[in-house]
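These notes are about the structure you will find just below.
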Amino acid sequence: MGLTLTEKILFAHLVDGELIRGTEIGIRIDQTLTQDATGTMAYLEFEAMGVPRVRTERSVAYIDHNTLQNGFENADDHRFIGSCAKKHGLFYSRPGNGICHQVHLERFGIPGKTLIGSDSHTPTGGGLGMIAIGAGGLDVAVAMGGGTYYITCPYIVKVELTGKLQPWVAAKDVILEVLRRMSVKGGVGKVIEYCGEGVKTLTVPERATITNMGAELGATTSIFPSDEMTLAFLKAQDRAEVWTPLAADKDAVYDECIEIDLSKLVPQAACPHSPDNVKTMEEIGTLKIDQVCIGSCTNSSFMDMMKVAHILKGKTVHPDVSLSIAPGSKQVLTMLAANGALSDMIAAGARILESACGPCIGMGQSPNSGGVSLRTFNRNFEGRSGTKDGQVYLVSPETAAASALTGYLTDPRTLGKMPEFPMPEHFTINDNMVTLPAAEAEMDKVEILRGPNIKPYPETAPLLETINAPCSLKVGDNITTDHIMPAGAKILPLRSNIPAISQHCFTVCDPEFPQRAKALGQSIIVGGSNYGQGSSREHAALAPLYLGVKAVLVKSFARIHRANLINAGILPLTFVNEADYDKISQGDQLVLADVRKAVENGETQLTLVNKTTGAEIPVLCELTGRTKDIMLAGGLLDYTREMLK
C-alpha cells in the first residue's frame with residue numbers, strides 16, 4: 001500500500017509515536033516563523049527556557065501585524081524582536097518587507113520540509129509542498145529550542161482536482177468551494193491533500209491561496225505536490241537548488257475523498273459572518289458595496305496584483321466605494337512599481353497600503369457603520385474588521401476589482417476576454433530588508449532591548465487537587481479567538497503585556513467578563529461546539545490564565561486553541577453528552593473533585609458536579625501521557641524547564 005504525500009513527509013520527520021490516525025505523534029521541525037503580534041511572547045518564552053540559540057535549520061522573525069505605530073508599544077516590540085533575533089540566531093524580516101507567509105513562500109520555504117509558525121495561516125507553505133502548521137507561540141519557542149512538536153496524527157482528505165479554471169474564476173473560488181462543502185469545522189484533525197491533473201494548471205501563488213485558507217476549515221494543514229510548477233516558481237526566485245519532486249504514491253489510500261472539476265466552478269463569495277457561508281454571485285443577487293480591500297496573506301501575490309491592475313487600468317473607482325490595496329511583500333510592490341501596474345492602481349483611485357496585514361486583522365481601514373466590505377482576506381468574523389456591524393464578504397481579487405468599479409458585487413466574467421497572466425520567469429530579488437543574526441561568537445555582545453510595555457509570562461501553577469469554582473462565562477457555538485481575545489489597532493499593541501490585554505478578554509461577548517473573572521479568583525468557562533476557531537493566538541489562552549480560568553468545558557474544541565489551553569495549564573474538557581450543556585448557567589458553582597489524582601491516573605471520564613443545581617455531569621478529559629504531564633506541571637513552559645534540567 002502506497003503512502004500519501006503527507007505520510008511521506010511526516011514519516012521522514014517522525015521522532016515519537018507511530019503514524020496511526022488519532023494518536024499523538026512528535027515530529028522534527030526544520031523551520032519556524034513568528035510574527036510580531038505573537039512573536040514577542042514567543043521570544044519571552046524562548047528566553048525563559050534558557051536555550052541560547054535556535055536549533056532549527058531556519059527560523060525567521062517577521063514584522064507584519066502591528067505596523068500601525070500609534071504610541072511606543074509596537075515600535076518597542078519590533079526593537080525587542082529584532083534584538084532577540086540577532087542574539088538567538090534568527091533571520092529578521094523588518095517592517096516593510098512584507099507579510100510573513102508571502103515572504104516565506106518567496107524566500108525561505110522548501111518542499112518536503114516541516115514548518116510551524118505562530119500564525120494560523122502558516123499552512124500557506126503547503127503550496128510549496130511543505131508540511132506547514134500553525135501553532136501557539138510556546139510550541140514554536142520549544143521547536144526553536146530543538147524540541148519535538150506534537151500533533152494528533154491526522155486523517156488525510158484527498159481533494160482530486162480535474163479540469164482547468166475558466167477565465168476570471170480564481171484559486172479563491174476553489175477554496176471557497178471546499179469550505180462550502182466541508183464547513184469551518186470539517187477539517188479538524190485532518191490534512192487536506194490536493195491531487196489530480198487539475199493541480200498542474202495551478203501556479204504556486206494560486207496553490208498558496210488555497211492552502212492558506214485551509215486554516216478556515218480547522219485543518220491541521222493543507223498540501224500540494226512539488227512538481228514542475230513548483231520548480232518554475234523556485235527558479236524564478238533564484239532558489240531552484242532547494243527543489244525536490246514530491247507526490248503521493250499512485251496507490252496511496254486516503255480517509256476521505258472529494259472531487260472538484262475546476263472547469264465547473266464559478267465566482268463565489270463567503271457571506272457574513274463565516275468563511276463557510278459561501279454563495280454564488282447569482283445566489284447573492286444585487287448587493288451595493290461601500291468598501292473593497294485587496295491584499296492579505298491569502299491574495300497579495302504579484303500574480304493577484306497584476307490581475308487587479310489590469311482590471312483597474314484606465315478606469316476610476318466608483319464614487320461610493322473606498323478601495324485599498326496592500327501588496328503582500330516588498331518584492332511584489334517593487335515589481336508593480338517597476339512595470340507601471342502600481343501607477344494604474346493609483347490612477348484608478350486605489351489607496352495603496354504598506355506591505356503588511358493591515359485591514360485583515362482590523363489594523364485600519366474599518367468600513368463605515370453597517371457598511372458592506374468586499375475583502376480578498378481569509379476571515380469575515382463579526383467585528384473583525386473593526387466595525388461591529390460591518391458586513392464583510394470574502395471574494396477573489398478579480399471579483400473585488402470588478403466590483404470596486406461598479407459599486408455593486410460584480411461577477412468578473414462580465415469583464416470580457418481575460419488576457420494571459422504568465423508567472424514571471426524571474427522575480428526581483430532583494431533581501432536587504434532581512435537582517436542576519438549575529439555570529440555565534442558574537443551573540444553574547446548583543447543586548448536584548450526591552451520597552452516598558454513588555455511584561456513577563458503570566459504566573460503558572462501545577463494542576464489543583466480539586467477545582468471548585470463558579471462558571472464565570474457561558475457562550476455558544478463557533479466562538480472564535482477574535483471573541484476571546486480581540487485584535488485591532490487598539491488592542492494588538494498590548495500583545496506583549498498580558499495584564500493589560502486581559503482587560504479586553506471576551507469583551508465582545510460580555511464587557512464585564514474581565515473584571516468578574518479577576519474578582520472571582522478562579523473560574524470555569526463553558527462553551528459550545530468548535531470553541532476557539534480562528535487564529536493561533538495563544539493570548540486567547542494566556543489572558544484567561546491571567547484572569548484565573550482553571551478549566552474550559554465545551555462541546556468541542558478547535559485544534560490549535562485546545563493545544564494552547566494545555567500549554568497554558570488550563571484544563572480542556574468536553575461534554576460526554578452535548579445536551580448537558582443546558583445544565584449549566586453562568587454563576588453556577590462547579591466542582592471537579594480529586595481532578596489531579598484522576599489526571600495522574602489517566603482517567604478520561606470525570607464527573608463535574610453543579611453544586612448550584614445538584615446535577616452530576618460526565619465530562620471527557622482526554623490527555624495523552626505527554627499532555628497529561630504538561631497539565632500536571634502547570635503548562636508547557638514549566639514542563640519544558642523540567643525536561644531541560
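Some notes on this structure:
- Backbone N within the stretch 112-130 under 18 Å of label point (7 Å from Phe11 Cα along the Cβ vector): 112-114, 130
- Likely footprinting exposure, Thr211, Thr286, Thr428, fewest C-beta neighbours within 10 Å first: Thr286, Thr428, Thr211
- In a DSSP loop and with at most 11 other Cβ atoms within 10 Å, the trypsin sites (Lys or Arg not before Pro) in the stretch 199-307 are Lys250.
- Under 17 Å of direct C-alpha separation, and excluding same-chain neighbours fewer than eight residues apart, Lys113 reaches these lysines: Lys8.
- Calculated [222 nm] ellipticity per residue, helices only, for the chain: -8000 deg cm²/dmol; basis is -39500 (n - 2.57) per DSSP H run with n ≥ 4, divided by all residues, nearest 500.
- Candidate aspartates and glutamates for bridging to Lys455, where Cα separation is under 17 Å - those fewer than 8 sequence places away on the same chain excluded: Asp36, Glu45, Glu47, Glu73, Asp76, Asp77, Glu538
- Span from the the stretch 39-55 Cα centroid across to the the stretch 508-570 one, whole angstrom: 24 Å
- Mean-position separation - Cα centroids, the stretch 118-170 and the stretch 209-244, in angstrom: 10 Å
- Sorted by Cβ neighbour density within 10 Å, fewest at the top, the residues Val188, Val554: Val188, Val554
- Bridging of Lys86 to aspartates and glutamates at a Cα separation below 12 Å is possible for Glu440, Glu442, Asp444, Glu447, once same-chain residues fewer than 8 apart are set aside.
- Segments 151-161, 62-72, 308-318 sorted - mean Cβ within 10 Å per residue, highest first: 151-161, 62-72, 308-318
- Annotation: amide H of Gln391 within the under-5 Å range of Gly371, Val372, Ser373, sequence separation 5 or more or interchain, hydrogens built in the peptide plane.
- Here is the result for the stretch 69-99: no trypsin sites (Lys or Arg not before Pro) lie in DSSP coil with at most 15 other C-beta atoms within 10 angstrom of their C-beta.
- Long pairs among Lys279/Lys490; Lys279/Lys315; Lys172/Lys288; Lys518/Lys611; Lys518/Lys597; Lys490/Lys628, criterion Cα-Cα beyond 30 Å: Lys279/Lys490; Lys490/Lys628
- Estimated distance in nm for a label pair at Asp594 and Leu415, the labels positioned 7 Å out from Cα along Cα-to-Cβ: 6.7 nm
- Peptides ranked, highest mean first, by Cβ atoms within 10 Å: ranges 165-175, 631-641: 165-175, 631-641
- Signed unit charges on C-beta, dipole axis of the chain, positive-most listed residue Thr460, Gly625, Phe72: Phe72
- Modelled spin labels at Met643 and Arg21, positioned 7 Å past Cα toward Cβ, are 2.7 nm from each other.
Laboratory data are not the source of any read-out in this text; all were calculated from the coordinates shown. What you see is a predicted model, and the numbers here were worked out from it, not measured in a lab. Here the Cβ is made from the backbone with ideal geometry for all residues, glycine too, and neighbour counts use every protein chain on show.
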